[in-house]
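Read the structure below first, then the notes.
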Amino acid sequence: MFKDKNFNYAVFGNPIDHSKSPAIHNFFSNQTGVFHTYGSINVPLNKFSSIILDFFKHNGKGANITAPFKQEAYCISHELTERAKIAQSVNTLKKTDKGYILGDNTDGIGLLSDLIRLDFIKKKYSVLILGAGGAARGILFPLLSFGCSIFIMNRTLSNTKKLIKQFNRYGKINIFNKDILKYKIFDLIINATSQSLEEENSIIDLSLISSNTCIYDMNYKKNKKSFLNTFVHVKSTKFSNGIGMLVFQAAHSFELWHNVFPETDKIINILKAE
Ligand code: ATR
């Protein structure tokens with residue numbers, strides 16, 4: 001499949017049509033002067049490992065992996081970075097000089113970089129994470145290492161418990177129970193569910209928000225109601241969608257491949273304006 005393709009970096013997922021990764025990486029390439037060609041591959045659901053191995057056997061030097069293949073990417077990696085091992089999920093692959101496939105996870109550091117840029121995070125912040133799936137798993141280690149206290153709220157309690165058992169060795173992490181913590185207000189609320197906060201039936205409990213609470217939705221979707229509409233009835237003005245995280249996880253991947261960290265502000269502003 002990849003014998004005659006002329007790109008050596010690509011994003012793999014299903015669906016992939018609306019991926020912004022090629023645009024972001026082409027921007028980084030132009031801006032840094034590091035030449036790379038970057039494509040996008042829609043992978044049939046049962047074909048991930050054969051397609052990715054074929055890519056690295058031919059022109060492939062690096063890949064970004066998106067839903068629903070991050071766990072499979074973790075399994076096919078020959079070597080793993082520490083953060084990928086802890087997240088048990090891989091969003092970046094690199095062919096090493098020895099020909100091995102190295103798996104990394106830049107999602108968590110991507111989120112943390114964006115939260116720092118936005119001034120949404122401080123050590124000791126009390127953080128509520130909505131969701132206990134793969135997206136939540138990818139961000140917990142960097143947030144706990146930063147020094148935040150984390151509470152998890154999720155539709156299915158057993159998934160929350162599993163996540164807490166996996167991560168409680170790295171810092172303060174608990175289930176959020178509104179009946180016990182009745183008047184708890186959070187410094188930061190992160191939506192890590194697959195349900196966007198921008199959709200009509202918001203899953204966020206407005207009583208947990210004060211005018212100082214930062215709200216970050218890891219989702220970003222076009223043509224949805226704006227955050228302003230969603231939160232107009234609470235006083236919080238500090239909210240962001242996940243465009244910045246998307247750009248920063250790409251920047252950290254770019255650095256893994258090319259040892260150069262690209263400039264991020266300009267492309268974040270371009271994508272946010274779209
Ligand atoms: P991802 O890899 O994107 O995190 P996932 O592992 O399927 O995807 O996890 C999706 C998360 O969104 C889960 O926490 C899920 O809750 P459950 O554990 O109860 O399944 C949550 N989620 C999805 N749709 C939701 C909805 N409509 N309301 C609340 N939570 C939802």
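Observations on the model:
- Model label zone, residue 175; criterion: amide N under 13 Å from point 7 Å along Cα-to-beta-carbon; scope segment 116-154: 152-154
- In the chain, helices alone account for a calculated mean residue ellipticity at 222 nm of -10500 deg cm²/dmol, with every DSSP H run of four or more residues adding -39,500 (n - 2.57).
- Net charge of neighbours whose Cβ lies under 10 Å from the Cβ of residue 63, counting Lys and Arg as +1 and Asp and Glu as -1: +3
- Springs join every pair of Cα atoms under 10 Å in this Gaussian network model of the chain, and among 128, 208, 102 the largest mean-square fluctuation is at 208.
- Alpha-carbon Debye profile of segment 1-45, log10 I(q)/I(0) at 0.15, 0.23, 0.31, 0.32 Å⁻¹: -0.40, -0.82, -1.11, -1.14
- Dipole moment magnitude, nearest 20 debye, the chain about Cα centre, only Lys, Arg, Asp, Glu C-beta charged: 640
- Across segment 47-64, the residues whose backbone nitrogen lies under 18 Å from the label position 7 Å along the beta-carbon direction of residue 194 are 47-48.
- Counting every other Cβ atom within 10 Å of each residue's Cβ, 211, 196, 89 order from fewest to most as 211, 196, 89.
- Residue-normalised convex hull volume from the C-alpha trace of segment 1-143: 133 Å³ per residue.
- Each Lys or Arg adds one and each Asp or Glu subtracts one; over the other residues with Cβ under 12 Å from the Cβ of residue 99, this totals +3.
- Exposure proxy for 153, 218: other Cβ atoms within 10 Å of each Cβ, ordered fewest to most, give 153, 218.
- Among the listed pairs 95/124; 20/165; 94/172; 122/162; 57/165, those beyond 30 Å (Cα-Cα): 95/124; 20/165; 94/172; 57/165
- Dimensions of the chain along the principal axes, based on C-alpha atoms and rounded to the nearest Å, stand at 60, 39, 32, largest first.
- Residue 172 long-range amide H proximity, modeled H, under 5 Å: 150
- Efficiency of FRET from Cβ geometry, residue 31 and residue 57, R₀ 25 Å, rounded to 0.05: 0.25
- For segment 74-114, backbone nitrogen atoms closer than 17 Å to the point 7 Å from residue 261 Cα along Cα-to-C-beta are found at 83, 105-114.
- Between residue 47 and residue 162, the C-beta separation translates, for a Förster distance of 35 Å, into a calculated FRET efficiency of about 0.75.
- In Hz, Karplus ³J(HN,Hα) per residue of segment 128-143 (6.51, -1.76, 1.60; θ = phi - 60°; x = Gly, Pro): 9, 10, 8, x, 9, x, x, 5, 5, 4, x, 10, 5, 4, x, 6
- For the chain, the relative contact order works out to 16 percent when only alpha carbon pairs closer than 8 Å and six or more residues apart are counted.
Taken together, the values in this text are just the output of simple stated rules run on the coordinates, not laboratory data. Given the structure is predicted, the values throughout are model-derived calculations rather than measurements. Cβ sites come from the backbone with ideal geometry, for glycine too, and all protein chains shown count toward neighbours.
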